[in-house]
Amino acid sequence: MTLAVAAARRDAEPLRVVMLATGLTGYLDAKFRALVERGVELFVITQAKRDNVAYERFPLEDVAKVHAWHEMPTGEELNRLVDGFAPHAILVHSWHIPPYREVLKGREGQALRVCWMDNNWLGTPRQWVGRATSRWFLQPMFDAAMVPCERTETFARHLGFGPDTILRGSLCADTDLYGAGPWPGSELASRRAFLAALRMVHHKGADVLADAYRRYRDAVPEPWDLHLAGVGPLLSDFDGVPGVVRHGFVQPRELAGLFHASSAYVNPSLAEPYGVVLHEATAAGLPVITSDMVGAAPTMVQDGVNGYLYPTGDAAALADRMARVSTSSAARLEEMSAVSKGLSLRLSPSSWARNLEEFLRTC
């Protein structure tokens, strides 16, 4: 079957989509539901659990078919499941899982195969090797790519995907859940609280944040508290630090409440391909401080307008940005909130679902 025939088949029938995922999160649940609301038949095959996260079970089964695996399935097992669903399109979150690659083999012309990417082009030796070998390894497996931002699109272009086979804006927050504001500056100032939601591990910058918050408290006469949502081995780095409030792992609905009770959001990540949490923060109408390595930073943070960027890993610079925000006037905080809210409106689960459906029917 040619791609043209496959496209005609997608236009003539209700669209059936398989998602090969690495886990379910609140924002994915919101996006998948928005897709089903458009009449798309959805089958999600996903890893059941990941380290340092404890999301509640999302009852996606009430609107879609779901197969959650604990032990690595075989390619034969997954092929039987996918064949039974007869999809028009297969979206893959990660090609590093061998049985997911097995599902893609031999399906050229039968279903549109989409690589759901979020890694950014950094020009590392490994990425250059990937670029050099993509025509033999990657391109035979995929017909198109989904990317969240320009940094990832650059990587996709290096891997051989053309502009007409790249879907942009692939990641977004649950804007219905997190949406709030914009807030009066006096309201934000009265809360006197930074929020950081992250896994307490090195690449998420937990140790950098602990160092920065100590420096910040030493630098300002009336420091704000720091609320932490997340678990992991580096949570102990905050032991004995005044002003730190630990909430442990927080489910999405409760996390939205923390956003709505905070003055500003801090993202200290050392490596963050995109960072949906920045969209969650702007949707909540908060000023945002983030490292410049975060992929969503250019989309969600206008440096010096609705928050600040700082050089990744620089605890002193992060402390400085925290001081700038907490000593800002109420009028300045109000301006930041309004700009954050405006930037957040660029994306939503419903616009993502519409964009994806149109892309899958026309690509």
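Readers should treat all values here as calculations from the given coordinates under stated rules, not as data from a laboratory. Just so it is clear, the model here is predicted, and its values are computed rather than measured. Every residue, glycine as well, gets a Cβ built from its backbone with ideal geometry; the counts of neighbours run over all protein chains shown.
How many of the residues making up region 290-339 are under 21 Å from Cys149 (Cβ atoms) and of a type in the set (A, V, I, L, M)?
9
Conditions first: (1) buried (at least 22 other Cβ atoms within 10 Å of the Cβ); (2) out of contact with any His (no Cβ under 9 Å at 6 or more places or on another chain); (3) farther than 30 Å from Pro252 by Cα. Lys204 passes all but one, so which condition is the exception?
Of everything listed in (1) buried (at least 22 other Cβ atoms within 10 Å of the Cβ); (2) out of contact with any His (no Cβ under 9 Å at 6 or more places or on another chain); (3) farther than 30 Å from Pro252 by Cα, Lys204 misses just condition (3).
Checking Arg253 against (1) surrounded by fewer than 21 Cβ atoms within 10 Å (Cβ to Cβ); (2) touching a Gly at 6+ places or on another chain (Cβ under 9 Å); (3) part of a loop (DSSP other than H, G, I, E, B), only one condition comes out false. Which one?
(3)
Report the residue count in region 266-287 for those that are under 12 Å from Val325 (Cα atoms) and within 16 Å of the chain's Cα centre (by Cα).
Residues meeting the conditions: 1.
Taking region 60-80 only, how many residues are within 27 Å of the chain's Cα centre (by Cα) and under 18 Å from Val17 (Cβ atoms)?
Counting residues in region 60-80 that are within 27 Å of the chain's Cα centre (by Cα) and under 18 Å from Val17 (Cβ atoms) gives 10.
For region 112-148, name all the residues that are in contact with a strand residue (DSSP E or B) (Cβ under 7 Å, 6 or more places away or on another chain) and farther than 12 Å from Leu159 by Cβ.
Residues satisfying the conditions are Leu112, Arg113, Val114, Trp116, Asp143, Met146.
Could you give me the residue pairs with C-beta distances under 6 Å whose first residue belongs to region 310-325 and is β-branched (Val, Ile, Thr), whose second residue is buried (at least 20 other Cβ atoms within 10 Å of the Cβ) wherever it lies, and which are 6+ apart or on separate chains?
Thr312/Ser291; Thr312/Met293; Val325/Ala264; Val325/Pro287
Scan region 265-278 and tell me whether some residue there is hydroxyl-bearing (Ser, Thr, Tyr), within 21 Å of Arg151 (Cβ to Cβ) and assigned to a loop (DSSP other than H, G, I, E, B).
Checked against the condition, which is being hydroxyl-bearing (Ser, Thr, Tyr), within 21 Å of Arg151 (Cβ to Cβ) and assigned to a loop (DSSP other than H, G, I, E, B), region 265-278 yields at least one hit.
Across region 215-240, what is the number of residues that are under 28 Å from the mean Cα position of the chain (by Cα), of a type outside the set (Phe, Trp, Tyr) and part of a loop (DSSP other than H, G, I, E, B)?
Matching residues across region 215-240 total 3.
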